[in-house]
Amino acid sequence: MRRVAIAGAGLAGLTAAQELRRLGHDGEISMIGAERHRPYRRPPLSKEYLLDDTTDVALAGTDELSATWLLGHPATGLDLAGRRVRRGALPPVPFDALVIATGVRARTLPGAGELRGVVTLRGLDDALALRAALAGRPRVVVAGAGFLGSEVAATLRALDLPVTLVEPDSVPLRRPLGEQVGAIVAGLHRAHGVDLRLGRRVAGVTGAGRVERVHLDDGTALPADLLVVALGAEPETEWLRGCGLRLDHGVVVDHLGLAAPRVAAAGDVARRPSALLGGELVRVEHHGNALEQGAQAARALLGVAAPFDPVPSFWCHLYGHRLQSVGFTGAGYDLRLVTREPDGRFFAEYHRDGRLVGAVTAGFVRRLTACRRLLDEESRQPPMPPSGPSSMTGPPGTTSQGATGPVATR
Amino acid sequence: MRVRVDLTLCQTHAQCVFAAPEVFALDDDDELVYDATPGDASWPAVEQAARACPVQAIFLDGD
Ligand SMILES: Cc1cc2nc3c(=O)[nH]c(=O)nc-3n(C[C@H](O)[C@H](O)[C@H](O)COP(=O)(O)OP(=O)(O)OC[C@H]3O[C@@H](n4cnc5c(N)ncnc54)[C@H](O)[C@@H]3O)c2cc1C
Ligand code: SF4
């Protein structure tokens with residue numbers, strides 16, 4: 001294996017490259033990135049980066065890699081048999097082994113793209129544009145109270161900007177964290193002066209060249225200068241369509257992280273079986289997961305990977321509280337709010353078939369680390385069914401959660 | 001090899017505890033404690049921990 005191509009120069013791609021070098025790969029590594037930037041950390045983009053323009057988001061160690069950086073142009077196709085990544089009119093990149101790490105793209109609001117002042121937040125350029133827009137002290141509407149929307153709302157309240165947060169569901173974060181935890185988050189938003197509109201969706205935007213009014217589905221028109229669309233993200237797999245890999249709400253990989261021989265996928269774009277959930281396919285959009293899967297991709301390409309089932313974990317900042325989770329959380333599990341303190345701290349557990357699968361907390365971090373240890377042990381217990389890229393569907397009955405199964409999204 | 005955590009930066013996200021539990025832990029007051037000179041076997045996990053830290057508070061000095 002001489003030439004490794006890495007499609008997607010983000011956290012998972014960089015980690016894969018670093019692990020390849022650490023394990024002694026001294027052949028070529030080509031980093032193919034759609035963005036003009038070298039890999040950077042996204043979590044600050046919805047937090048301190050919006051408040052403080054000295055925030056450094058660069059990821060260390062890119063110089064030491066001695067990689068070939070092919071930045072600013074996306075991969076546009078994969079020739080699996082010919083072992084080449086296409087890049088539009090640019091020369092293709094030949095490879096012996098490939099890591100797919102193209103992440104996700106932000107969902108947009110249909111029909112609103114034409115107006116200025118309608119933004120999404122995924123990349124550094126998005127964050128720069130958003131930060132510039134904030135200088136004019138806009139009236140802000142945030143569409144979607146998921147992790148990203150909730151966090152952006154909280155950060156903008158720290159700037160004392162007027163924020164209306166629109167969420168179609170009954171509470172913020174209901175799907176990823178469940179009703180009761182979502183209700184706690186709703187209380188936080190209201191206590192910090194957010195105008196929270198639950199059970200409503202953004203139906204349209206009007207204005208002369210730029211957004212002036214945001215229309216809700218009940219006919220309400222909200223005067224606004226800025227609309228932040230935070231409606232979730234879609235795996236970036238368009239460029240892989242028809243290439244022969246199994247695509248199903250992400251690039252499906254086996255328990256080693258491989259999508260095909262010598263082709264690995266890692267990070268937000270990858271969908272893998274989870275032993276903790278009885279083999280069900282999961283896709284996790286968290287920083288820590290990109291690190292773990294990135295390193296695993298390198299091991300898999302070098303043929304030294306052991307089956308792995310990392311326990312997901314995320315964090316999210318809301319008004320000085322820090323929400324942290326381990327494992328699988330969500331409205332689909334049996335939620336037990338174990339502790340709730342008047343000062344806002346709480347601890348909640350998620351169970352499936354009587355078995356602990358996840359937990360979320362604000363404040364009880366040590367307890368969370370104990371939970372994490374437990375889940376680590378559990379995820380190692382059930383023997384994995386022998387599986388290759390062709391036999392990776394979970395056992396019958398485990399896909400009852402809907403077409404996509406668990407997606408730990410941000 | 002040495003590990004140093006800038007405790008003025010650390011916000012006890014515990015991502016390092018998840019990545020390298022044999023080196024990092026939280027004490028009874030939820031403060032971070034760690035082994036500043038872990039053995040070689042822990043090194044890959046420690047490097048992973050340094051990358052996982054949300055505030056990049058973990059500094060490593062190679063041998
Ligand atoms: C604003 C924001 C805040 C977040 N906060 C948190 C947090 O607090 N905690 C947490 O755990 N997680 C957080 N996340 C999620 C976390 O950042 C992601 O899980 C992580 O970045 C995933 O890494 P990745 O390498 O899989 O994908 P990415 O980091 O998205 O990297 C993928 C790269 O591939 C590039 N690409 C896409 N298509 C192509 C193509 N066709 N060819 C070449 N390159 C392509 C993209 O431009 C991108 O640079 C946040 C994300 C965002 C956007
Ligand atoms: S991950 Fe970083 S911030 Fe979190 S406890 Fe460890 S050193 Fe502190």
Residues of region A:6-36 that bury at least 40 Å² of accessible area, probe 1.4 Å, when all protein chains are present rather than the chain alone, are A:ARG22
May I ask for the angle, rounded to the nearest 10°, between helix A:124-134 and the longest principal axis of chain A, with both axes built from Cα atoms and the value confined to 0 to 90°?
10
May I ask for the accessible area buried between chains A and B, both sides summed, probe 1.4 Å, to the nearest 100 Å²?
1800
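Under a Cβ-Cβ cut-off of 10 Å, what is the net charge of the residues other than A:PRO235 that fall near it, where Lys and Arg count +1 and Asp and Glu count -1? Each step should come with its number before you reach the end.
Details: positive: A:ARG105, A:ARG271, A:ARG283; negative: A:GLU234, A:GLU236, A:GLU238, A:ASP248, A:ASP268, A:GLU285.
That sum, taken over residues with Cβ under 10 Å, equals -3.
On the protein heavy atoms, probe 1.4 angstrom, tell me the percent of accessible surface of region A:222-269 carried by carbon and sulfur. Write down the numbers at each step before the final one.
Values: 810 of 1600 Å².
C and S atoms contribute 51 percent here.
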Within a Cβ distance under 15 Å of A:PRO91, other residues only, what is the Lys/Arg minus Asp/Glu net charge?
+3
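Could you tell me what percent of the accessible area of chain B is made up of carbon and sulfur, with a 1.4 Å probe and every protein chain present? Don't jump to the answer; show the numbers that get you there.
On the way: 1450 of 3040 Å².
Using a 1.4 Å probe with all protein chains present, chain B comes out at 48 percent carbon and sulfur.
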Residues in region A:41-81 occluded by at least 30 Å² - accessible area, probe radius 1.4 Å, against chain by itself
A:ARG41
Chain A accessible area per residue, 1.4 Å probe, protein heavy atoms, integer Å², reads 40
When the charge dipole of chain A is computed with +1 on Lys and Arg Cβ and -1 on Asp and Glu Cβ about the Cα centre, the Cα farthest towards its positive end, among A:SER30, A:GLY123, A:VAL284, belongs to A:SER30
Using all C-alpha to C-alpha distances in region A:311-379, build P(r) with 10 Å bins and read off the rounded percent in each one.
22, 56, 20, 1
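What ranking do A:243-251, A:271-279, A:68-76 get when scored by the average of other Cβ atoms within 10 Å per residue, highest first? Walk me through the intermediate numbers first.
Working: A:243-251: 18.8, A:271-279: 23.0, A:68-76: 16.2.
The packing order, highest mean first, is A:271-279, A:243-251, A:68-76.
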Among A:GLY193, A:ALA97, A:PRO342 - extreme Cα towards positive end, dipole of the protein assembly as shown, charges at beta-carbon:
A:ALA97
Just counting partner chain Cβ atoms within 10 Å, what average do the residues of peptide A:366-374 show around their Cβ?
4
Roll a 1.4 angstrom probe over the protein heavy atoms and tell me the percent of accessible area of region A:314-385 that is carbon or sulfur.
46
Under the definition of Cα pairs under 8 Å and six or more residues apart, what whole-number percent is the relative contact order of chain A?
16
Using +1 on the beta carbon of Lys and Arg, -1 on that of Asp and Glu, and nothing else charged, what's the dipole of chain A about the Cα centre, debye to 20?
180
How far is helix A:287-301 tilted off the main Cα axis of chain A, in degrees rounded to 10, range 0 to 90?
10
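Rounded to the nearest 500, what is the 222 nm mean residue ellipticity of the protein assembly as shown from helices alone, with -39500 (n - 2.57) per DSSP H run of 4+ residues and division by all residues?
Calculated from helices alone, the mean residue ellipticity at 222 nm is -6500 deg cm²/dmol.
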Taking the dipole about the Cα centre of region A:1-92, with the C-beta of Lys and Arg at +1 and of Asp and Glu at -1, give me whichever of A:PRO39, A:ALA7, A:ALA81 is farthest to the positive side.
A:ALA81
Averaged across the residues of B:47-56, what count of C-beta atoms belonging to other chains lies within 10 Å of each residue's C-beta?
6
Size of the dipole of region A:108-231 about the Cα centre, Lys and Arg at +1 and Asp and Glu at -1 on the beta carbon, nothing else charged, in debye to 20?
100
How large is log10 of I(q)/I(0) for the protein assembly as shown at q = 0.07, 0.08, 0.10, 0.12 Å⁻¹ when the intensity is taken from the Debye formula with one equal scatterer per alpha-carbon?
-0.35, -0.46, -0.75, -1.11
Counting only other chains, what is the mean number of Cβ atoms within 10 angstrom of the Cβ of each residue in peptide B:10-22?
4
If you roll a 1.4 Å probe over the heavy atoms of the protein chains, what accessible area per residue do you get for region B:2-61, in Å²?
46
Total charge of the residues flanking A:ARG210 in space, meaning their Cβ is under 14 Å from its Cβ, with Lys and Arg +1 and Asp and Glu -1, is 0
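Would you work out the charge dipole size for region B:2-61 about its Cα centre, treating the Cβ of every Lys and Arg as +1 and the Cβ of every Asp and Glu as -1, and quote it to the nearest 20 debye? Before the final figure, lay out the partial values.
Details: 3 positive and 11 negative charges, 66 e Å.
With Lys and Arg at +1 and Asp and Glu at -1, about 320 debye.
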By how many degrees, between 0 and 90 and to the nearest 10, does the Cα long axis of helix A:179-191 differ from the longest principal axis of chain A?
50
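The values are calculated or read from the model by the stated rules, or taken from the named source; none is laboratory data. Since this is a predicted model, take the numbers as computed values, not measurements. We place every Cβ from the backbone using ideal geometry, glycine too, and count neighbours over all the protein chains shown. Just so you know, the surface numbers come from the protein's heavy atoms only, side chains and all, with ligands and any DNA or RNA stripped out. Shrake-Rupley method; radii C 1.70, N 1.55, O 1.52, S 1.80 Å.
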